[in-house]
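Structure first, then comments.
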Amino acid sequence: MGNIENDLLAIPKRHAWKSLLSIILLAIGGLLVGQSIGMGITMAIYGMDLTEVLNGITSVDPVFKVPMFIIQGVTALFGFILAPWFYLSYMEKR
């Protein structure tokens, strides 16, 4: 790992468009999965059903401030942290 040129030459040749497409699809998939899990966590914690959560999120009611933070946090975790980690760990093998 001392020489950057040697490290770059050790990486197998891969099409840039395939890598770009796969990271974009993984990020979108992570956002969708994170949104679903975040809503599930919110429903479990607050004892609401799906329509109550959706109506609360779309309203400006300050009661739904913390549930919205939970959903946004889980969504960001899956979309912006776990998806790139998965890409680097399993697809790029780093």
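Just so you know, all these numbers are worked out from the coordinates, no wet-lab data involved. Model, not experiment: these values are computed from the prediction. Note that each Cβ is placed from the backbone with ideal geometry, even for glycine, and that neighbours are counted across all protein chains shown.
At an R0 of 41 angstrom, the distance between the Cβ atoms of E92 and V63 translates into a FRET efficiency of 0.40.
Sketch the reach of a paramagnetic label on Q72 as a point 7 Å from Cα along Cα-to-Cβ, and name the residues of segment 45-59 whose backbone nitrogen lies under 16 Å away. Only 56-59 pass the distance filter.
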